[in-house]
Structure formats: C-alpha cells, structure tokens
1. Need at least 1 residues that are assigned by TED's automatic domain parsing to the domain that holds ILE16 and within 16 Å of the ligand (Cβ to nearest atom) per element, so show me which strands (runs of 3 or more DSSP E) inside the stretch 320-377 make the cut, counting only ones lying wholly within it.
2. Go through the stretch 148-194 and count every residue that is more than 20 Å from GLY343 (Cα to Cα), touching a Lys or Arg at 6+ places or on another chain (Cβ under 7 Å) and of a type in the set (A, V, I, L, M, F, W, C).
3. Scan the stretch 289-332 for residues that are under 18 Å from GLU171 (Cβ atoms) and of a type in the set (Val, Ile, Thr) and report the count.
4. From (1) within 16 Å of the ligand (Cβ to nearest atom); (2) outside the structural domain of GLU84 (by TED's automatic domain parsing), pick out the condition that doesn't hold for PRO298.
5. Being of a type outside the set (Ser, Thr, Tyr), within 17 Å of the chain's Cα centre (by Cα) and either surrounded by fewer than 17 Cβ atoms within 10 Å (Cβ to Cβ) or closer than 21 Å to ASP269 by Cβ (or both) is true for just one of ALA307, ALA348, ALA323. Which residue is that?
6. Tally up the residues in the stretch 95-143 that are of a type in the set (Lys, Arg) and within 12 Å of the ligand (Cβ to nearest atom), please.
7. Look through GLY105, GLY111 and report the one residue that is under 23 Å from LEU379 (Cα atoms), at pLDDT 95 or above and not in a helix (DSSP H, G or I).
Amino acid sequence: MSMTSADPIANLATLIRCPSVTPAEGGALTALAAMLEPLGFTVERMTAREPGMPDIENLYARIGTEGPHLMFAGHTDVVPVGNEAAWTHAPFGAEIAGGEMFGRGAVDMKGGIACFVAAVARQIAKNGPPKGSLSFLITGDEEGPAVNGTIKLLQWAAERGERWDACLVGEPTNPDQLGDMIKIGRRGSVSGTITVQGVQGHAAYPHLADNAVRGVIALTDALMHPPFDAGTENFQPSNLEVTTIDVGNPATNVVPAQAVARFNIRFNDIWTAETVMAEIVRRLDAAARDERLRPGRPPLRYDIAWAERPSHVFLTRNDRLIASLSGAVEAVTGRAPKLSTTGGTSDARFIKDYCPVVEFGLVGQTMHMVDERVAIADLETLTVIYETFLQRWFGDARA
Ligand SMILES: [Zn+2]
C-alpha cells in the first residue's frame, strides 16, 4: 500500500496545493484518485454538464462488492482566496507554522478528505479491505451553484445500481474543539420575493395615492412576528429574516408605487417546505387586509415569487450510524459530541434521499476566511476518530 496516503498531513498538503477554486478541478480529484487507486479502489470520474454553467468534474470511488456499503461524501472545490496579500502564508502553499497547516480548504474540507483517506489506508493495512463496501462520493461543485455536483453524482451512481446503507459527510462541524458536534440533520430553507403594488402620487396628497412602503412594512412585519414556533426536541426555533427591502425612490415628494422585499426562512421539523410556504402566504394575505397602516384601503395587491429548489428539513434517526460515530468521537477525544441540526445547508440535504447521513469533520472556525488553517494535531486525531468509526460501523452493521 501507499504509505503516503496513511499520513493525513501529507494527503492534505497534496490537496491544498491543487488550486481547485470552484469550478476548477485544479488537480485535486486526480491527486485523490492517486491516493485511492493503490489502496484497491476503483475510481471513476464523472463530468456533469448543464447549459449555461461550467462543466464540473466529480469523482466516485469504491472498494468492495458486498454489503454493508458505507459512503464518505465531500467536496474538493474551495472558495476563492479573497485578498491574497492578507494571507500570512500562501493560500495554496500548505505551509506549516506554529503547529498549523495553512491553506484554502484546510478545514473546508480537504482536511476531512485527507483524514478519511488516511483512516482507510491504515485500516486496510491493519485488517485488509473493509468487510463490505466503502465508497468516496466527491464533488467539485459544493461551494458553487451545486447543480453539477452531489445531486447529479448521486443520480449517476444510483442509475448504475449503487446503493448505500449509510453516509458520513466530512464537512467541518465542530465550533471550537474536535469532538464538539456531530450534525444529524439540517433545517430546511425557503426564500421568496414579495412585490407590493401601490399607486404613485404626491406626498402631500396621499389619499390620492397608495404608498407601497406602507404595504411592504405591513407584510414584512407579519412575516417576522409572531414566531413560527418555539423549536423542537432536535431543532432550534424556525426563523425568518427579511434580507432586503428595495424601493429605490430618490424623490422626497413622491409616494412610490412599488416596493420589493426578499426573505429567507430556516425552518425545523414542525414544517415541510410546503406547509411553511402556505403559512407565509396565510400571513401575507391576513396582513394585506390589515388596515392599521393603510386605513380605509382595499386589500393590498402583492405578488410572491419563490426561489427555486427549497431545501427540505431532515433528521437522521439511524441509531447504528449515530452511535458508531458518536462512540468513536467519545472514545478518541473523551468528549460526548452534541448531536445538532444547527447551521446552514450542506450536500447532506441531497444524500438524505438515498441513505441515512451524518456529518463530522474538523473545527470550522477559519473556513472561508483569510488564513484558513488546521491544527496538525487535529488531523491526526480526526484520522483516529474516522478509523475507530470505520471499525465500529462495519462491525455493528454486520452484527
Ligand atoms: Zn464545505
């Protein structure tokens, strides 16, 4: 076997030195393939295409033909470096200083991939190939539009007969220290745009006009209050944020005819995308008839346009998957990880349609920042956690 791939530090340095800013492959998938093939994986590259969008390279690698089948999922693409001059060390240099490795993708999430490869390499060296099947589902389109990435790669693999029993996503999940947090679900997300139609007029003769600003304030107020819910056992309360209100009226003596507001709601498992959208429409219709800000007026005229592709809320309830990962984290770090559903969406929202999915990776503090970096000690610890998880999951799954 390749000794290099058993070393997460060497793996990560190799991956960081590939400038794979979305949509560029940057050599990262080729480098990953070169780590996996000597271990016995069959590696396939799948290029996804969509009109008007850059082609995206993705990778699927599998070892084994029997069940149970565990998937490790992630992405090798990274966000842009931002102000390169502000970096202490070159963003694609993988330099080590003060016990940390610097580079774009160090924690989000080339580090997670580097550790998982190392864990697999060590397990194969010690115990031979897994008692079942293990696959890597790695996209180059997570940080971008995510259209040519995990969604299409899952479809492509499923059409070829691939079936999985469980998935671990290696995104950075720990807020402060390795062992803080496993993600076992995610809130859903829906965005929309409201356009209010009033009647333009003179600010001194408002009775002849219908100020769209009064209307948009009434509608957005109704979206923000009262709270949608108080949270659930596994989820924080649903929350709606109005992200912009645009009127664009430069005159002081003109009442504007139109106002546009946009919003995003992160919702918990009390709701589905459909029911939360219905609740939003119910609130807007009630507010449109509310005369507090528009006394004596007929119901407000407005349109709502929903953003494409809502993210559906999900909660993973696979006890074996959660117990083997949580147990591995606690065995290695001595800390019981919090099982959480907080934070933004991830590609787990697509994977959950195929198999139970959880997420655990590095400490996320520097992700997307200048000087993204990872503690060298954490790379070794995460590798041991992943190794322990592999032993437990394959052991438990066959029990
Ligand atoms: Zn990521």
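1. Passing ranges, in order: 357-359, 373-375.
2. Of the residues in that region, 0 qualify.
3. 4
4. That leaves (1) as the condition not met.
5. The unique qualifying residue is ALA348.
6. Going through the stretch 95-143, the residues of a type in the set (Lys, Arg) turn out to be 104, 110, 122, 126, 131.
Checking which are within 12 Å of the ligand (Cβ to nearest atom) leaves us with 104, 110.
Adding up the residues that qualify gives 2.
7. Answer to the selection: GLY105.
The values are calculated or read from the model by the stated rules, or taken from the named source; none is laboratory data. Everything numeric here is computed off the predicted structure, so don't read it as measured data. In this analysis, Cβ positions are derived from the backbone assuming ideal geometry, glycine residues included, and neighbour counts consider all displayed protein chains.
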